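Here is the structure we will look at.
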Amino acid sequence: MSQDVFVLVEHLKGQLTDGTFELLGIGREVAPQAGGRLVALLLGRDVRGLAEQLGAADVVLYVEDERLGDSVPEAYRRVLAGLLQEQSPKLTLLPTSSLGMDLAGALSVELNLPMIAFCKQLAVQDGSIVATCELYGGRAVVEAEIPEGPGLALVLPGACPADKGRSEGAPAVEEVKPSVDLAEVRVRFKGLIEPPPGDVDITRQEILVSVGRGVQREENLPIVQELADALGAALSSSRPVVDQQWLPPTRQVGKSGMTVKPRLYLAVGISGAPEHVEGMRDSDLIVAINSDARAPIFNVAHYGAVADLFEVVPKLAEAVKNRGA
Ligand SMILES: Cc1cc2nc3c(=O)[nH]c(=O)nc-3n(C[C@H](O)[C@H](O)[C@H](O)COP(=O)(O)OP(=O)(O)OC[C@H]3O[C@@H](n4cnc5c(N)ncnc54)[C@H](O)[C@@H]3O)c2cc1C
């Protein structure tokens, strides 16, 4: 086993994700503790050019193959399993994203490597991998340890500011030829389903007013939309609202929807289930309106009103409009 810390680089449509820089930021702290190098693993089709943006790493190992072009987890798993076996790093960091979640469990089983999920903090102390993990949307916090290593860690979004992983450095860039036959991959990528043209991208909004099942009926949505309009915000939602087709899937926040980090997230009639909280907990300011004082959304909200949304929301919209007048 080497003392190196490996980071899986994630990219979509030729762009590195924020999650990649967050992992590099953590890796930058942990690699010296381990006494090894920070190594970025870059897999894909024509990805060599992306290595220039991975200046936080000491080394970039890249694998180019046509069949790695569309993040098919099975193809990634085969290549990564071979690489990790050959290189034997002390710690490998993966993002808690669709790709990372697909890979971490499978690699753990295939390589018989221990894996810690939901990591919010990571360190190497006296040679052991130590993590603080947030479970159930933050309702339980646990410390976990892999004595000595090696191991895998699935890191939560927002565990480290992405800026900490951005650097002008010039890492050594090395091509690696996969030692596995990707012709055997059984899953084929068919296409990326893009958001309908013209719909707002809720991941880029400064203010989101998010509506949940508490709104009761589709006909009541305009009450909340009016508040969003007054605030210059976009309307997002919990999953039941999308499941009922009151809003398109592009508006869904959470585990199976979008991860958002607006300056203000106003949750209206949303209970705060872990799968929802996962997608919005890193918002700068969270305000919740819910008629149930025990709703878990109040555990993550900075401000909250225990109130009937049908009373409060129209008054709030009116107040915001009057303030702007
Ligand atoms: C694999 C998986 C993935 C999932 N992915 C997601 C996801 O991406 N996003 C997501 O949101 N969910 C997701 N879910 C579903 C999640 O578990 C919850 O069921 C969902 O988040 C609940 O939505 P909600 O808060 O709108 O509804 P509810 O849990 O029904 O909450 C409604 C809330 O409205 C309040 N309320 C009722 N009337 C009023 C009123 N008049 N005024 C004020 N408040 C009122 C209630 O007190 C309650 O807290 C997922 C579940 C699974 C199993």
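The values are calculated or read from the model by the stated rules, or taken from the named source; none is laboratory data. Keep in mind the model is a prediction, meaning the values are calculated, not measured. Here the Cβ is made from the backbone with ideal geometry for all residues, glycine too, and neighbour counts use every protein chain on show. Calculation scope for accessible area: heavy atoms of the full protein, side chains included, ligands and nucleic acids excluded. Shrake-Rupley method; radii C 1.70, N 1.55, O 1.52, S 1.80 Å.
Summary of values
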item	result
The range 211-234, subset in contact with a strand residue (DSSP E or B) (Cβ under 6 Å, 6 or more places away or on another chain) and within 14 Å of the ligand (Cβ to nearest atom), residue nearest to Ala273 (Cα to Cα)	Val211
Identity of the residue in the range 252-269, under 13 Å from Leu235 (Cβ atoms) and among the small types (Gly, Ala, Ser), that ends up nearest to the ligand (Cβ to nearest atom)	Gly269
Qualifying residues in the range 277-300 (those that are small (Gly, Ala, Ser) and out of contact with any helix residue (DSSP H, G or I) (no Cβ under 6 Å at 6 or more places or on another chain)) - the one farthest from the ligand (Cβ to nearest atom)	Ser283
Gly149 vs. criteria more than 16 Å from the ligand (Cβ to nearest atom), free of Cβ contacts under 8 Å to residues at least 12 places away in the same chain, outside any helix (DSSP H, G or I) and small (Gly, Ala, Ser)	no
Verdict on Gly149 being within 30 Å of Leu247 (Cα to Cα) and either open to solvent by less than 90 Å² (accessible area, probe 1.4 Å) or at pLDDT 90 or above (or both)	no
Any hit, the range 272-282, residues being under 20 Å from Val313 (Cα atoms) and either crowded, with 20+ Cβ neighbours inside 10 Å or under 17 Å from the mean Cα position of the chain (by Cα) (or both)	yes
In the range 116-132, the residues that are more than 11 Å from Leu91 (Cβ to Cβ), surrounded by fewer than 20 Cβ atoms within 10 Å (Cβ to Cβ) and touching a strand residue (DSSP E or B) at 6+ places or on another chain (Cβ under 8 Å)	Lys120, Gln121, Thr132
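Listed here are the residues, each with its yes/no results for (1) crowded, with 24+ Cβ neighbours inside 10 Å; (2) modelled with pLDDT of 95 or more; (3) more than 16 Å from Met280 (Cα to Cα); (4) not assigned by TED's automatic domain parsing to the domain that holds Val312.
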residue	(1), (2), (3), (4)
Leu231	no, yes, yes, no
Ser236	yes, yes, no, no
Val242	no, yes, yes, no
Pro248	no, no, yes, no
Gln252	no, yes, no, no
Ser256	no, no, no, no
Lys261	no, no, no, no
Tyr265	yes, yes, no, no
Val268	yes, yes, no, no
